[in-house]
2 protein chains.
Amino acid sequence: MIHNSNPSSMNERADMYPSRSNLKAQFIKRKEPIVYSAPSVKPPLDQSLIDQYANDGFMVVEDVFTPEEVAMFRRELNRLRVDPAIEASGETITEYDSDEVRSVFRIHQVSEVFKRLAGDPRLAGIARYLLDDDVYIHQSRLNYKPGFHGKEFYWHSDFETWHVEDGMPAMRALSISVTLTENHTNNGPLMLIPGSHKEFVVCEGHTPAEHFRSSLKKQDYGVPNDGSLCELAAQGGIFTATGKPGSIIVFDCNTMHGSNSNISPFPRSNAFIVYNAMSNRVGAPYCDRSVRPEYICSRDSISPIATGADYD
Amino acid sequence: MIHNSNPSSMNERADMYPSRSNLKAQFIKRKEPIVYSAPSVKPPLDQSLIDQYANDGFMVVEDVFTPEEVAMFRRELNRLRVDPAIEASGETITEYDSDEVRSVFRIHQVSEVFKRLAGDPRLAGIARYLLDDDVYIHQSRLNYKPGFHGKEFYWHSDFETWHVEDGMPAMRALSISVTLTENHTNNGPLMLIPGSHKEFVVCEGHTPAEHFRSSLKKQDYGVPNDGSLCELAAQGGIFTATGKPGSIIVFDCNTMHGSNSNISPFPRSNAFIVYNAMSNRVGAPYCDRSVRPEYICSRDSISPIATGADYD
């Protein structure tokens, strides 16, 4: 396992995507493929979906999970939210202005149900095809986004954070969001900017110490500036991912995304699993800060994911 | 003109809609008509729209203003936002976490353009028909809701505030929002709960002194509780008002409405004019607080609105 927790070593590696460090906002053209498998390899989904993923940086696949499976995931979601052991772990993130749970982390380790979900061939099979490698879970979590007072999540590229703060070298990772409640236009659904995955947006500012403590509530660093967002949205528009529970939204690690607040009475909850290629394991952060904790970024305990979901 | 600024006199009047004062959340059936004109009176709009307003508590009318008129309103909106006299007046409301202008008030007095808009027969004619009385401007304002960092506006019935804090006796007022930018699903559009105008929602809590200083940024009192909102939304659903600039949204003073935040790059600006029936002029507040300032609630300088827009 590659693991170097000495931040000073970052200077010894090439940094393809420098960000923060008081740099000026700019675009850097993506250097890696989007779909890693060769065109000759048969995809696990309809080719038109793969083409959409390549062009837009994401795809939505409906009816992946049955209502019964969704009901099981929701029971587990509700159980974890109030599990005293989870609360005592200090590994939850609450909203920035209340004690309400915003996210529960490493659900592939604390829950048998979500461990099987992470290894479900319907998810891991897509990840392995798109990344053309064995994959491991870089991060997993439940996002609750409660009704009435669910907070917004500002625009960001996950890769920018994973690269700068976690030391993920290249764009060879993706996220799969499994929708566990209906995504309406009115309950703060995920918004994505089509085509944004083709440009790395250099963010201004720097990285504060222990940034994760605030950034997962409300991100103030590692955010694109207004001009960059205008340019991306002018090119690609904004796609709003609405739909029934049991759908999946697969998106590239560099796709710009965010969500508005949720004052509706309807929660907008999802399970969120990040697959990274084994060949793209994280190293030392690309910033002068300590590594983030294991529950936010798998570093010490990674192994290729074993597939074969077998729900009771 | 009825004007009693001595709050103690409130005990001498019947209060049809008590709220706050440490009451428990509950519904009180609306006591007044919704459309005041008799069915025999010919409406200024298609009867189906009037029926929709009666049933839902609002109606959306598209293409009321031409693109040229919208462009004129937007120039004026941009001028007022940076007008040093407006800024010096202390009559603007900024966002609660920044100095960004959220609202500019009494636009029917500080701007010739918006004075004519308030008197435009396309707006005032609808108000006079629905309220079956001469009307005056209870409040007018521009809402900017900027892109990137536009804040949410939590659910509320305007009448609850106007009744408790301004002393508006009865439900014989309405608002017309003139959309000045496109309302997308993604830029925090107005959301309304159909049918909610038929129930007055008693809000819990009390009224802090000088409540308007915070409530127009972020309302913490005079807000319905979760149970009331669930019940209203279960009955009526949530309507999201999207559409082109130049549309109007006419809504009853007691219709529950709100909006989510706006992280999109697209501002969501509108001009907002509140018409009240001359017979429904405000008196002393129905709470033990001083009256709100004139720029938020017309009290000293009211007169039936003269119609006849004549834009240059």
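The values are calculated or read from the model by the stated rules, or taken from the named source; none is laboratory data. Predicted model only: the values in this text are computed from it and were never measured. Neighbour counts run over all protein chains shown; Cβ positions are idealised from the backbone, glycine included. Keep in mind that these areas ignore ligands, DNA and RNA; they rest on the heavy atoms of the full protein, side chains included. Shrake-Rupley method; radii C 1.70, N 1.55, O 1.52, S 1.80 Å.
Coupling constants for the stretch A:198-204 follow from the phi torsions by the Karplus curve (6.51 cos²θ - 1.76 cosθ + 1.60, θ = phi - 60°), and in residue order they are 8, 10, 8, 9, 5, 9, 7 Hz; glycine and proline get x.
In the elastic network of chain B, a GNM with C-alpha springs shorter than 10 Å, the most mobile of B:25, B:88, B:233 is B:88.
Note on residue B:210/residue A:132: beta-carbon distance plugged into 1/(1 + (r/R0)^6) with R0 of 51 Å gives a FRET efficiency of 0.20. Note on chain B: with neighbouring protein chains present and a 1.4 Å probe, carbon and sulfur make up 50 percent of its accessible heavy-atom surface. Sorted shortest first, the distances from the residue A:206 label point to those of the same residue in the other copies are 4.7 nm; each point sits 7 Å from Cα along Cα-to-Cβ.
What the phi angles of the stretch A:144-157 give under the Karplus curve with 6.51, -1.76 and 1.60, with θ = phi - 60°, is a coupling list of 8, 5, x, x, 6, 10, x, 8, 5, 10, 5, 3, 6, 9 Hz, glycine and proline written as x.
For residue B:102, the residues whose amide H sits under 5 Å from its own are B:93, B:94, B:95, ignoring neighbours fewer than 5 places away on the same chain, with H placed 1.01 Å from N.
Our summary of shape: the Cα atoms of the stretch A:187-308 have principal axis extents of 42, 38, 30 Å, ordered from largest down, in whole angstrom.
Just add up the charged neighbours of residue A:210: K/R +1, D/E -1, any other residue whose Cβ is under 10 Å from the Cβ of residue A:210. Residues close to residue A:210 contribute a combined charge of +3. With label points set 7 Å from Cα along Cα→Cβ, the inter-copy distances at residue B:24 are 6.5 nm, sorted shortest first. Shape call for chain B from the C-alpha gyration tensor, a ≥ b ≥ c root eigenvalues: rounded (a/c under 1.5), prolate (a/b greater than b/c) or oblate? Cα axes put chain B in the rounded bin. Rg and Dmax over the alpha-carbon atoms of the stretch A:1-127 stand at 20.0, 51 Å. Here the stretch A:25-92 is treated as a sphere whose radius is the Kirkwood value from Cα pairs; by Stokes-Einstein at 10 °C and 1.306 mPa s it diffuses with a coefficient of 98 µm²/s. Decide, for the stretch A:224-288, between rounded, prolate and oblate: order the square roots of the alpha carbon gyration tensor eigenvalues as a ≥ b ≥ c, take rounded if a/c falls under 1.5, and otherwise choose prolate if a/b is larger than b/c, else oblate. Verdict is oblate for the stretch A:224-288. Remark: the Cα gyration tensor places the stretch A:103-255 in the rounded category, a/c being less than 1.5. Between the stretch A:231-290 and the stretch B:249-312, the alpha-carbon centres lie 39 Å apart.
Pairwise Cα distances in the protein assembly as shown exceed 34 Å in 47 percent of cases. Charged neighbours of residue B:146, selected by a Cβ distance under 11 Å, balance to +2 (K, R count +1; D, E count -1). Summed over the residues of chain B and divided among them, the accessible surface reaches 39 Å² per residue at a probe radius of 1.4 Å. Restricted to Cα atoms, the stretch B:68-189 shows a radius of gyration and a Dmax of 15.3, 42 angstrom.
For chain A, what does -39500 (n - 2.57) per DSSP helix run (n ≥ 4), summed and divided by total residues, give at 222 nm, in deg cm²/dmol to the nearest 500? Rounded to the nearest 500, it is -7000 deg cm²/dmol.
Across peptide B:255-264, what mean number of C-beta atoms from other chains lies inside 10 Å of a residue's C-beta?
Across B:255-264, the average partner-chain Cβ count within 10 Å equals 5.
With the label put 7 angstrom out from Cα along the Cα-to-Cβ vector, residue A:87 ends up 4.8 nm from the copy partners, going from closest to farthest. Applying Stokes-Einstein at 10 °C and 1.306 mPa s to the Kirkwood radius of the stretch A:60-133, computed over alpha-carbon pairs, gives a translational diffusion coefficient of 113 µm² s⁻¹. Pairs from the table (A:218/B:217; A:145/B:151; A:145/B:145; A:151/B:218; A:217/A:244) lying more than 24 angstrom apart at Cα are A:217/A:244. Backbone geometry of the stretch B:280-285 corresponds, through the Karplus equation with coefficients 6.51, -1.76 and 1.60 at θ = phi - 60°, to 3J(HN,Hα) couplings of 10, 4, 6, x, 6, x Hz, x marking Gly and Pro.
Among residues other than residue A:228 with Cβ under 15 Å from its Cβ, the summed charge is 0 (Lys and Arg +1, Asp and Glu -1).
Proximity of backbone amide H atoms, modeled 1.01 Å from N, is registered between residue A:150 and A:262 at under 5 Å, excluding neighbours fewer than 5 places apart on the same chain.
Ordering B:290-297, A:255-262, B:43-50 by mean Cβ neighbour count within 10 Å, with the highest value first, yields A:255-262, B:290-297, B:43-50. Each peptide in B:138-151, B:69-82 gets a packing score, the mean of other Cβ atoms within 10 Å over its residues, and the list from highest to lowest is B:138-151, B:69-82.
Chains A and B together bury some 2100 Å² of accessible area, summed over both sides, with a 1.4 Å probe. Label-to-label distance for residue B:79 and residue B:97 is 3.4 nm, based on points extended 7 Å past Cα in the beta-carbon direction.
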